[in-house]
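As structure tokens, the structure follows; a few thoughts come after it.
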Amino acid sequence: MDGNRFDALTRSLSNETSRRRVLKGLLGGAAGGALSLAGLRRAGATHGRPAGATCIRNEHCASGLCDPQTRRCTCPGGTTACGGTCVSTACPAGATLSNASCQCVCTATGQPPCGTGAAAVCCAEDLGCD
């Protein structure tokens, strides 16, 4: 594009839109963006709260359960709060739930069980999971 055509284009754009109209558009867009962000923060602050956090309704909690007596997010049956999340309390025989790692740990070895879910087992100290 040559210089004369560019000048003609910029003049035509500047003639059609006044500075006041541009300023109003920019301010309106900034105000709309600020309101949108405020709404997103408010929505994010009230949903998906971790176990133990304060709540009023079930929808506030990541677990979907708000205890009406304590007004705290709680975990469903078969789970417990660990590190702010609900984890399963079902550990295989010979294992307990570690509060430090939020995982089942074999009491004899201090290692996680071999396998997953219902197939998980604690191996003897001299045996590996392989």
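Report, by residue number, each residue of the stretch 106-125 that is in contact with a Cys (Cβ under 8 Å, 6 or more places away or on another chain) and either outside the structural domain of Ala95 (by TED's automatic domain parsing) or among the β-branched types (Val, Ile, Thr) (or both). Passing the criteria: Thr107, Thr109, Val121. Residues of the stretch 78-93 being farther than 15 Å from Gly52 by Cα and surrounded by fewer than 16 Cβ atoms within 10 Å (Cβ to Cβ), which ones? Across the stretch 78-93, the qualifying residues are Gly78, Ser88, Thr89, Ala90, Ala93.
Consider Ala100 carefully, then state whether it is under 30 Å from Glu59 (Cα atoms) and out of contact with any Cys (no Cβ under 8 Å at 6 or more places or on another chain). Considered against the rule, which asks whether it is under 30 Å from Glu59 (Cα atoms) and out of contact with any Cys (no Cβ under 8 Å at 6 or more places or on another chain), Ala100 comes out as yes.
The values are calculated or read from the model by the stated rules, or taken from the named source; none is laboratory data. Predicted, not measured: the structure shown is a model, and the values here were computed from it. Glycine also receives a Cβ, built like all others from the backbone with ideal geometry; neighbour counts cover every protein chain displayed.
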